[in-house]
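Novice: Here you go, one structure.
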Amino acid sequence: MHRLRSLLSLVSLATLLMGIVAMPVQAQQSPAELANDGMSLARQSWPTQSTFATIFGERATNAWKAEHEADLAVGAAAHPVHLAFMAQGNGIGDTNAAARDAILDTLRGLGYAPGRDVMIEWNYPADPRQPLDPMAQGMVSRQPDIILTNTTPAALAAAHATSTIPIVFSSSGDPVGSGVIKDLEHPGGNVTGVLTLPFSVNQQNIDLLKEIVPSMTRLAVIRSTLNPLPGQFESIRQAAEARGVTVLPINVEHIPDDLDKAMDAAVDGHADVILQIPDGTFTAADQKHLAQAAIQKRIPFFAGGRPAVVDGGLLFTSPPINQQLRMATTMVDRVLKGAKPGDLAVAAPVVDQLIINKKTAEAIGVTIPPSVLARATELLP
């Protein structure tokens, strides 16, 4: 009873301090959510190690872990899988909740019972542009059985932190060019995963843009210097030049401060269309800023994500939402069953979604051909 009272006191203190700390190192979910996300139901009233680390620091975490090691095992299955997840975003909002649901639903479909077979720790930075190496190192120090990441910077940080724990990445735009792996067919080492988009989609996207803007001869491509995705950029450049379109690279060093400069550079470069390479370094707010600026400048904007189309971008092509995470979670299962990550070829999702904002098209004076409208999977009024 004394131990239980102590634990309950910790929960109350943790709850209070979570309200005080303005910018935690990691965004965390509630104890009840942790129970649903794969923590043992017997532990749902206790603070998690990650929450404790956020509030009190690593030294206190180690002391807490040593004191409650036996308690943590109560109610858990023998040898449950410890899955560590790390993403680039802050973990807040409906988009991140949907991503977690995609992982959990896929695990359940593969036969993993939350609270019995798998425990998941969710690791998020407070700012998607902050270095992820310290978080990855802390995650690895807790010795998970396998790591699942989302976006290239998270995959790269995890790969830097361990060469032995299996890593499966999701939504990496350019894992080879970014140094996460050596080869798509034969990744080698302890890492494999799923691309954000297949490189071949860039040819389709350029063809699509030429249908919508037949006069396009200059294409501005916006990317972050924090995650330049050289392979994706080169694929876009080759596809564009093969179709008589010159690519104007616009590298954004400081986000969000340099977003307006990037748009001005596109105008100064006489770009007929602006394309932003999908990249988690650009938050939903950043993408909205670009979309709204493109409307003001009356330039078609090929958005880097669906929210940006909702907020004024002209169009976006993608796989079904969170398809990459579902595919990556399936690869996690294959690794847990004995496959070596380095022997698993990197997978690519099928791009079959076309979202068009008709209101934006009208606002910037672009007529979407009926042939394109007929292929749209979602038309925003």
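The values are calculated or read from the model by the stated rules, or taken from the named source; none is laboratory data. Nothing here was measured: the structure is a model prediction, and the numbers come from that model. Here Cβ is always computed from backbone atoms with ideal geometry, including for glycine, and neighbour counts include all displayed protein chains.
Novice: Look through region 260-285, keep the residues that are at pLDDT 95 or above and either among the acidic types (D, E) or not assigned by TED's automatic domain parsing to the domain that holds L229 (or both), and return whichever of them is nearest to G244 (Cα to Cα).
Specialist: D272
Novice: If you don't mind, there's one more thing I want to ask. Those residues that are among the β-branched types (V, I, T) and without any contact (Cβ under 8 Å) to a residue 60 or more places away in the chain, I need them from region 152-167; list them, please.
Specialist: Once the filter is applied, which keeps residues that are among the β-branched types (V, I, T) and without any contact (Cβ under 8 Å) to a residue 60 or more places away in the chain, region 152-167 yields T162, T164, I165.
Novice: Quick check on my filter: what residues within region 96-125 are aliphatic (A, V, I, L, M), part of a loop (DSSP other than H, G, I, E, B) and either closer than 23 Å to G138 by Cα or at pLDDT 95 or above (or both)?
Specialist: The answer is L110, and nothing else.
Novice: Let me ask something else. Looking at region 143-151, can you tell me whether even one residue there is closer than 26 Å to A285 by Cβ, in contact (Cβ under 8 Å) with a residue 24 or more places away in the chain, of a type in the set (S, T, N, Q) and touching a helix residue (DSSP H, G or I) at 6+ places or on another chain (Cβ under 8 Å)?
Specialist: yes
Novice: Picking from P341, P349, P370, which residue would you name as being in contact with a Ser or Thr (Cβ under 9 Å, 6 or more places away or on another chain), farther than 27 Å from R129 by Cβ and modelled with pLDDT of 95 or more?
Specialist: It is P341.
Novice: Can you tell me which residue within region 222-246, out of those that are surrounded by fewer than 22 Cβ atoms within 10 Å (Cβ to Cβ) and among the aliphatic types (A, V, I, L, M), is farthest from D286 (Cα to Cα)?
Specialist: So, considering only residues that are surrounded by fewer than 22 Cβ atoms within 10 Å (Cβ to Cβ) and among the aliphatic types (A, V, I, L, M), the one farthest from D286 (Cα to Cα) is A242.
Novice: Is it the case, given these coordinates, that K288 is in contact with an Asp or Glu (Cβ under 7 Å, 6 or more places away or on another chain), over 23 Å from E211 (Cβ atoms) and without any contact (Cβ under 8 Å) to a residue 60 or more places away in the chain?
Specialist: yes
Novice: Give me the pairs, please: first residue somewhere in region 189-212 and surrounded by 17 or more Cβ atoms within 10 Å (Cβ to Cβ), second residue anywhere and of a type in the set (F, W, Y), beta-carbon distance under 8 Å, and either six or more positions apart or on two chains.
Specialist: Every condition considered, the pairs that remain are V191/F169; T192/F169; G193/F169; V194/F169; N205/F302; L209/F302.
Novice: Can you name the residue in region 323-370 that is among the basic types (K, R) and not in a loop (DSSP other than H, G, I, E, B) and, of all such residues, is surrounded by the fewest Cβ atoms within 10 Å (Cβ to Cβ)?
Specialist: Filtering first and then ranking leaves K359.
Novice: Looking only at region 171-194, count how many residues are closer than 18 Å to G304 by Cβ and touching a Pro at 6+ places or on another chain (Cβ under 7 Å).
Specialist: Of the residues in that region, 4 qualify.
Novice: Which members of region 96-125 meet the condition of being farther than 18 Å from F169 by Cβ and buried (at least 16 other Cβ atoms within 10 Å of the Cβ)?
Specialist: Within region 96-125, L104, L110, Y112, P114, G115, D117, V118, M119 meet the criteria.
Novice: So is A308 without any contact (Cβ under 8 Å) to a residue 40 or more places away in the chain, in a helix (DSSP H, G or I) and hydrophobic (A, V, I, L, M, F, W, C) or not?
Specialist: yes
Novice: Name every residue in region 149-162 that is more than 15 Å from P125 (Cα to Cα) and either at pLDDT below 95 or not in a loop (DSSP other than H, G, I, E, B) (or both), in order of residue number.
Specialist: A159, H160, A161, listed by residue number.
Novice: Additional query: I'd like to know if region 340-348 contains one or more residues that are aliphatic (A, V, I, L, M) and in contact with a His (Cβ under 9 Å, 6 or more places away or on another chain).
Specialist: Within region 340-348 (the criterion being aliphatic (A, V, I, L, M) and in contact with a His (Cβ under 9 Å, 6 or more places away or on another chain)), the answer is yes, since at least one residue qualifies.
Novice: What are the residues in region 77-95 that are part of a loop (DSSP other than H, G, I, E, B) and surrounded by fewer than 18 Cβ atoms within 10 Å (Cβ to Cβ), if any?
Specialist: A77, A78, H79, I92, G93
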